[in-house]
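The values are calculated or read from the model by the stated rules, or taken from the named source; none is laboratory data. From a predicted model like this one, the values you see are computed outputs, not experimental measurements. Heads up, the Cβs are rebuilt from the backbone with ideal geometry, glycines too, and the neighbour counts pull from every protein chain shown.
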Amino acid sequence: MKHVDKPGRNVRILTYNVHRWLGTDRQISPGRIAEVIASCQPDIVALQEVRVGRVHKGHPDQAEIVANLLGMDLHFQPTIRILGEQYGIAILTRHPSEIIRAERLPSLSTGPSFEKRSALWVCVDVEGVSLNVVNAHLSLRSRERRAQAAALLGENWIGHPDCADPAVLLGDFNAPPYSRSYRLFASRLKDAQLSNPSGEPQPTFHTRAPVLRLDHVFVTKSVDIIAAAPVRNELTRVASDHYPLLAELRVGSGSQVSAGTQAEGAERELL
């Protein structure tokens, strides 16, 4: 294995299912979501259920509103296109970045699927350290979700030679810790919330009665986890039906090992 020594960099990364900007008060407010994100002071943001379209004719696109309010660059991957509007996943970042891959994930549906589950891989330059970030929103169907989890860990995504350590895989996986999909991810990557210094991992869904840990931040071997927990306050309780999950990481310090060299036996065992 090749070892590379680099100075460490702290990075704050957030995953957030924004529920089409629709709050639990039934109000659509991209600005409120931007306020939530700004309060977390993240460097990188992974969003799911992003609605792209104009609330009023002649007004800016909703996702652009959020990116502009935050002063961040926006990368978007649609999963639904309907009546001139789009819906999907996005990555926002303050650092230089480029899209490496944006594609659909496997579907086991025999008929047409309304939403094409996808993933978005962006490489972010964090002060000279290349950090690979993969955002995904997985199926509600367990068997399909396992196929998508296997694909994300495979040769096109986390297992790709270019998706080298340090890397982060995050999003709304619809997979609580007792699920086979979660165990598949956890067999290959580190769950950031398991290193939460504030206590036990906390659920992220639903904001009215949080009982399920569906949103996750997984990291590769060299990434140090400083803290990770849902952000719970009066604003986040109403802004969406999911709590945002914030992780503070340290990347680029010590030895880095390509994710593609990790064992694949556990993946086959859990399918």
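Quick look at the values:
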| quantity | calculated |
| --- | --- |
| Whichever residue in the stretch 144-200 is of a type in the set (D, E) and touching a His at 6+ places or on another chain (Cβ under 9 Å) and, among such residues, is farthest from E49 (Cα to Cα) | D191 |
| Residue selected from the stretch 62-87 under the condition within 17 Å of V45 (Cα to Cα) and over 19 Å from the mean Cα position of the chain (by Cα), by the criterion surrounded by the fewest Cβ atoms within 10 Å (Cβ to Cβ) | G71 |
| Condition check for L245: at pLDDT 95 or above and in contact with an Asp or Glu (Cβ under 6 Å, 6 or more places away or on another chain) | yes |
| Residue match in the stretch 88-98 (condition: crowded, with 16+ Cβ neighbours inside 10 Å, of a type in the set (A, V, I, L, M) and modelled with pLDDT under 95) | no |
| Per-region count, the stretch 201-240, residues of a type in the set (K, R), farther than 22 Å from S130 by Cβ and touching a strand residue (DSSP E or B) at 6+ places or on another chain (Cβ under 9 Å) | 1 |
| Criterion (modelled with pLDDT under 95, closer than 17 Å to E115 by Cβ and either buried (at least 24 other Cβ atoms within 10 Å of the Cβ) or not polar (S, T, N, Q) (or both)) met by exactly one of R141, R145 | R141 |
| Residue in the stretch 215-224 that is part of a loop (DSSP other than H, G, I, E, B) and under 25 Å from R104 (Cα atoms) present | yes |
| A247 vs. criteria within 30 Å of W21 (Cβ to Cβ) and either among the hydrophobic types (A, V, I, L, M, F, W, C) or over 19 Å from the mean Cα position of the chain (by Cα) (or both) | yes |
| Near pairs, Cβ below 6 angstrom, 6+ apart or cross-chain, from the stretch 85-111 (among the acidic types (D, E)) to any residue that is assigned to a strand (DSSP E or B) | E98/C123 |
| Residue satisfying all of: in the stretch 1-30; in contact with a Lys or Arg (Cβ under 7 Å, 6 or more places away or on another chain) and outside any strand (DSSP E or B); modelled with the lowest pLDDT among these | G8 |
| Count of residues meeting criterion [crowded, with 22+ Cβ neighbours inside 10 Å, of a type in the set (D, E) and in a loop (DSSP other than H, G, I, E, B)] in the stretch 148-177 | 1 |
| Qualifying positions in the stretch 106-139 - more than 17 Å from A167 (Cβ to Cβ) and within 16 Å of the chain's Cα centre (by Cα) | R117, S118, H137, L138, S139 |
| Positions within the stretch 220-251 being buried (at least 24 other Cβ atoms within 10 Å of the Cβ) and farther than 25 Å from L184 by Cβ, in sequence order | A239, S240 |
